[in-house]
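Reviewing the structure listed below.
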Amino acid sequence: MSQVTIKDIEVLNCEYGKNTIKFLRLHREGKKHFVKEVEVCAHLRLTSPQEYLEGNNSLVIPTDTIKNIVLVLAKKNGIPSLEQFAIDICNHFMTTFCQVAYVKTYVQEVPWQRLHEDGVPHIHSFICVPDGIRFCEAEQCRNGPLVVFAGIKDLKLMKTTQSGFEGFYKNEHTTLPERHDRILCGELFCKWSYGECKDFDFNCIWKKIRECILEAFAGPPDCGEYSPSYQKTINSIQMLVLSRVSQVQVIEAVLNNTFYNVVDMKNLGLDNDKEVLVPVEAPYGSCTCTLGRKKFFEAQGQMMRDERKCQFGLAAAQGN
């Protein structure tokens, strides 16, 4: 068997970076304090893969340096929004280091909320409320556009009626009964793309999208809205976001469901009318869908094909 040499291979992708850079950024305005606790991952691709192929580290920016740069940017610029902070990181590496060909940054936030006492906001106390984790990504190739993604994950949602699952395909392996009234419960991951970066109010947009997600899932507060499947629920969420938030070009959603079994209490002499149920956490069903605006992809043209070659994130995957 002949030995493989460097001349026999092609480097498809090589990158490195620093993961889980965790810190708290405290901002003071007189006696009132503001906090942002985040976790950052920053990865680079250099103009040459010589550190991999030859062991030549002359172009390598140490990951400890990457970490320090992230902390310095947080100190100097603050974190007006997760997206803006990710953009700041990308801009710094692209404008400071000529050997950087590609940079990708991921930022997620710890969900601290200001504590209220009798309706009065506290000036320096906070409570961690796990009602969904906000995150974002920014990535850029040299001489290419800065692309921004944002999203929410670990958002647990439930409605106790106005959900069913009927009319599905059946064969000899089907044991699941049809249900016209069931609990719909799941953990949602939702990620969207703004396309090329512009001067958006990212905080306002993120809050609006979260409101759309909750509205589409639950329906009107006095009566709800019937969901025939987890898949249709995902579609309803995506369509509402695309209808109300023009800045979103592509939206991906994943819903991992939690099934609830009604406890049979007949042996206990009780009639359990879907009042006591037990969650079935594994195995669990999962469904996902990605939607994008046709006009956005038509406008992208060659740029989208180039991004696909670079194996970019969500937007590039739509070129398949």
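Please list 79-92, 98-111 highest first by mean number of surrounding beta-carbon atoms within 10 Å per residue.
The densest-packed peptide leads the list: 79-92, 98-111.
Cα to Cα, under 19 Å, and not fewer than 8 places away if on the same chain: which aspartates and glutamates meet these conditions relative to Lys274?
Output for Lys274: Glu166, Glu178, Asp181, Asp264.
Which net charge results when you count Lys and Arg as +1 and Asp and Glu as -1 among the other residues whose beta-carbon is under 13 Å from that of Lys153?
Result for the neighbourhood of Lys153: -3.
Starting from the Cα of Ser58, step 7 Å along the direction of its Cβ; do the same at Asn19; then give the gap between the two resulting points in nm.
Going from the Ser58 label point to the Asn19 one covers 3.1 nm.
Send over a whole-number figure in Å² for the accessible area per residue of the chain, probe 1.4 Å.
The answer is 58 Å² per residue.
Grab the Cα-Cα distance for Tyr226 and Met265, subtract it from 0.36 nm times how many residues apart they are, and report the gain in nm with one decimal.
11.2 nm
Read through the labelled values (1) 1.03; (2) 1.36; (3) 1.21 and report the label of the one computed as Cα Rg over 2.2 N^0.38 Å from the structure.
Of the listed options (1) 1.03; (2) 1.36; (3) 1.21, (3) comes from this structure.
For n ≥ 4 DSSP H runs only, could you compute -39500 (n - 2.57) per run for the chain, divide by its residues and tell me the 222 nm figure to the nearest 500?
Calculated mean residue ellipticity at 222 nm is -8000 deg cm²/dmol.
Using the structure shown, select from Lys76/Lys198; Lys104/Lys191; Lys18/Lys232; Lys36/Lys232; Lys22/Lys76 the pairs with a Cα to Cα distance greater than 27 angstrom.
Pairs exceeding 27 Å: Lys18/Lys232; Lys36/Lys232.
When the accessible area of the chain is computed with all protein chains present and a 1.4 Å probe, what percentage of it is carbon and sulfur?
52 percent
Between Glu281 and Val120, what FRET efficiency follows from the Cβ-Cβ distance if R0 is 35 Å, with the result rounded to 0.05?
0.35
Run the simple label-point estimate for Glu10 and Thr174 please: 7 Å along Cα→C-beta, distance reported in nm.
Using points 7 Å along Cα→Cβ, the separation is 4.7 nm.
Against the longest alpha carbon principal axis of the chain, how many degrees, from 0 to 90 and to the nearest 10, is the axis of helix 63-77 turned?
Helix 63-77 and the main axis of the chain meet at about 80 degrees.
Count charges around Phe23 for me, please; just the other residues with Cβ under 14 Å from its Cβ, Lys/Arg as +1, Asp/Glu as -1.
Around Phe23, the surrounding residues sum to +4.
The values are calculated or read from the model by the stated rules, or taken from the named source; none is laboratory data. These numbers were taken from a predicted model, which means no experiment stands behind them. Positions of Cβ are generated from backbone atoms using ideal geometry, with glycine treated the same way; all protein chains shown enter the neighbour counts. Accessible surface is based on the protein model in full, side chains and every heavy atom, while ligands, DNA and RNA are left aside. Shrake-Rupley method; radii C 1.70, N 1.55, O 1.52, S 1.80 Å.
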